[in-house]
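The values are calculated or read from the model by the stated rules, or taken from the named source; none is laboratory data. Small disclaimer: the values here were computed from a predicted structure and weren't measured. Note: ideal-geometry Cβ built from the backbone for every residue, glycine included; neighbour counts use all protein chains shown. Accessible surface areas use protein heavy atoms only, side chains included; no ligands, DNA or RNA. Shrake-Rupley method; radii C 1.70, N 1.55, O 1.52, S 1.80 Å.
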Amino acid sequence: AKDAGGAEHHRFEPVLHASAEERRQLEVALRKALGRDEMELHYQPVVDSRSEAVVSFEALLRWNSIDHGFVSPGKFIPLAEDTRLIVPIGRWVMRKACEEARNWPEHVKVNVNVSPEQLLEPGFHEEVVEALAASGLRPERLEVEVTESIFLRDASVARNALEQVMSLGCSVALDDFGTGYSSLGYIRKLRFSTIKVDRTFVQGAAQGSAESLAIINAVVAMAKSLDMATTAEGVETAEEAELIRNLGCDKIQGYYFGRPMASQDAQRLFSNPSKL
Ligand code: C2E
Ligand code: CA
Ligand code: CA
Ligand code: CA
């Protein structure tokens, strides 16, 4: 048994080694990404579920690495978080998103994802103040998106940081709701403007899952009674959009209404509204 275990160990070692090496190389490249101008933001429309008018765009980071080609956020964001590179990258995202949103119509907001490592940095509030000042964007047009995971680390620091941002006039959305640690206590204490219902529930409900349907109903009811809005994420079909509308979600985001697009394309939508 000992020999077999040893053999197995040897068989798997190169695989583990390769992925650690790949990770190391990716980290080296990620460290240089901003300086090499490899990052850009794409924007995905969020529409009002009834009028279908665009109310916001969510900024989504894209990395086209000289060394590794296109790397998905699902891969490099966790790496950026582990290495704390998300702090400078996140600062760049905040600045860039405010700057680009400044050119959109006044009623359209921009949603910016903020990682726990970034939010919990002492300078986060100043970072937001500076991004707003540099761009001239009204604070009311910026909505910060955080996930429940911010409460796992240092809940009171996270809460303070969010309250500071809210005091500027910005709003805060709770992203991926229902997929992680449930922070119902914090929903009561913090005035989130929007709760984003994760795509897994949208998909589940559309496929006839009674549990997903019940969860969306419960989230919508809770949000209404707390005076918060709901956004359904990942709506891909007309059927899903119709279902979500009937469930009472206020806003919809997903491929059905628009994929994340380059900044110029988002901008172009406003000069050619029929394309919406
Ligand atoms: P998220 O914040 O939940 O963003 C929504 C993700 O769902 C995006 O993936 C978007 O492209 C995708 N999506 C939108 N509509 C649909 C749909 O109808 N169907 C499907 N299957 N997917 C849809 P993306 O761009 O790959 O980003 C993945 C995650 O990476 C984001 O999830 C967010 O957690 C993180 N992320 C992206 N940009 C940033 C950023 O600037 N800062 C931070 N901290 N995280 C970011
Ligand atoms: Ca998000
Ligand atoms: Ca989400
Ligand atoms: Ca997500």
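I want to confirm something. Restricting to the stretch 230-250 and keeping residues that are within 14 Å of ligand 1 (Cβ to nearest atom) and within 15 Å of the chain's Cα centre (by Cα), which single residue is farthest from Thr200 (Cα to Cα)?
Within the stretch 230-250, the match that is farthest from Thr200 (Cα to Cα) is Thr231.
Mind listing whichever residues of the stretch 246-274 are assigned to a helix (DSSP H, G or I), surrounded by fewer than 17 Cβ atoms within 10 Å (Cβ to Cβ) and at pLDDT below 95?
Gln267, Arg268, Phe270, Ser271, Pro273, Ser274
Can you tell which of Ala161, Ala155, Ala206 is small (Gly, Ala, Ser), surrounded by 21 or more Cβ atoms within 10 Å (Cβ to Cβ) and more than 22 Å from Leu34 (Cα to Cα)?
The conditions single out Ala161.
This table checks each residue for (1) open to solvent by 70 Å² or more (accessible area, probe 1.4 Å); (2) modelled with pLDDT of 95 or more; (3) touching a helix residue (DSSP H, G or I) at 6+ places or on another chain (Cβ under 6 Å).
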site	(1), (2), (3)
Ala29	no, yes, no
Leu41	no, yes, yes
Gln44	no, yes, no
Val47	no, yes, no
Ser51	yes, yes, no
Val55	no, yes, no
Leu60	no, yes, no
Asp67	yes, yes, yes
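Just a yes or no: is a residue in the stretch 103-116 within 16 Å of ligand 3 (Cβ to nearest atom), part of a helix (DSSP H, G or I) and modelled with pLDDT of 95 or more?
yes
What pairs can you find where one residue is in the stretch 162-176 and on the phi > 0 side of the Ramachandran plot, the other is within 16 Å of ligand 2 (Cβ to nearest atom), and their Cβ atoms are less than 7 Å apart, with a gap of 6+ or different chains?
Asp176/Thr147; Asp176/Lys196; Asp176/Asp198
Across the stretch 219-245, what is the total count of residues that are among the acidic types (Asp, Glu), outside any loop (DSSP other than H, G, I, E, B) and surrounded by 12 or more Cβ atoms within 10 Å (Cβ to Cβ)?
Number satisfying all stated conditions: 2.
Only residues that are in contact (Cβ under 8 Å) with a residue 40 or more places away in the chain and not charged (D, E, K, R): list them for the stretch 62-86, please.
Listed by number, the residues that qualify are His68, Val71, Phe76, Leu79, Ala80, Thr83, Leu85.
Can you give me the number of residues within the stretch 63-99 that are out of contact with any Leu (no Cβ under 7 Å at 6 or more places or on another chain) and either assigned to a loop (DSSP other than H, G, I, E, B) or not β-branched (Val, Ile, Thr) (or both)?
Number satisfying all stated conditions: 20.
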